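Reviewing the structure listed below.
The values are calculated or read from the model by the stated rules, or taken from the named source; none is laboratory data. Since this is a predicted model, take the numbers as computed values, not measurements. No Cβ is skipped: glycine too gets one built from the backbone with ideal geometry, and neighbour counts run over all protein chains shown. Note: areas computed on protein heavy atoms with side chains; ligands, DNA, RNA excluded. Shrake-Rupley method; radii C 1.70, N 1.55, O 1.52, S 1.80 Å.
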Amino acid sequence: SSDRRGIDVALLYRTTCYNHLSISLRAPETDGKKLQTRDMLHVSLKDLQTDEIYDYIVCHHPSKFGGEESSIPKRLAAMTALKEMCDSLRNRNIIVMGDFNDVPSAAQFDMLDNILVNKSDSLHAAGRGTIRYEGKWELIDMFLTSKDLYGRSVMEIVEIPFLMVRDTRHSGMKPFRTYSGPRYIGGVSDHCPIILRVY
């Protein structure tokens, strides 16, 4: 992608479980110009056991670097592109996943109300999160599914001990990050992993 830091998204899948049908990339745009951010990845896979087709969309929306107010147009552009992608997949099993750099209560998620359901809403309401900033948990990594999959799926936040470290500035634990600025500290990520179980 055209992301300045060289960050891309990816989807790994087991070829013994799925047959790959198609792949496409979509870059968010403003005023007809592609944003210098991560592309959104859309992969269609066929379940070899059930013959069901699943459409996976992997996102990493623009960050709040430079301030939330000045960066919101970029995240709106990403959400608009996501909505357009999902509009073309109506009546399909859609699973959207990734880092949205916003919490589930952010206004731009309203754009998806009649298309997708946010699996993280109840976790967010309970004060759960995937990153910890200034001692406060925020849920910015999430799954959104088509309505048919909502009742057949459960989202979980993974807090395995080796992925966590004590927060020395605030009480409690936080994800054990790889870098602190330019300094390598040896952790895995400053985000907790998330899992979606589909039944």
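Brief remarks on what is shown
- Counted residues, the range 99-109 - those being in a loop (DSSP other than H, G, I, E, B) and either surrounded by fewer than 20 Cβ atoms within 10 Å (Cβ to Cβ) or out of contact with any Pro (no Cβ under 9 Å at 6 or more places or on another chain) (or both): 6
- Subset of the range 175-197 that is open to solvent by 90 Å² or more (accessible area, probe 1.4 Å) and in a strand (DSSP E or B) - its residue that is farthest from VAL165 (Cα to Cα): ARG197
- Reported count of residues in the range 51-65, each being under 16 Å from HIS20 (Cβ atoms) and either under 15 Å from the mean Cα position of the chain (by Cα) or outside any strand (DSSP E or B) (or both), is 6.
- Of all residues making up the range 78-98, the number that are touching a strand residue (DSSP E or B) at 6+ places or on another chain (Cβ under 6 Å), open to solvent by 20 Å² or more (accessible area, probe 1.4 Å) and not hydrophobic (A, V, I, L, M, F, W, C): 2
- Considered as a group, the residues in the range 2-19 that are over 15 Å from the mean Cα position of the chain (by Cα), surrounded by 12 or more Cβ atoms within 10 Å (Cβ to Cβ) and not polar (S, T, N, Q) include one that is modelled with the lowest pLDDT, and that residue is ASP3.
- Taking the range 123-168 as the region of interest, none of the strands (runs of 3 or more DSSP E) fully inside it holds 3 or more residues being more than 23 Å from VAL96 (Cβ to Cβ) and either open to solvent by less than 30 Å² (accessible area, probe 1.4 Å) or among the hydrophobic types (A, V, I, L, M, F, W, C) (or both).
- Single match in SER88, SER146 (criterion: of a type outside the set (Asp, Glu), more than 21 Å from PRO175 (Cα to Cα) and without any contact (Cβ under 8 Å) to a residue 40 or more places away in the chain): SER88
- Taken together, LEU35, LEU112 contain a single residue that is among the aliphatic types (A, V, I, L, M), touching a Pro at 6+ places or on another chain (Cβ under 6 Å) and open to solvent by less than 60 Å² (accessible area, probe 1.4 Å), which is LEU35.
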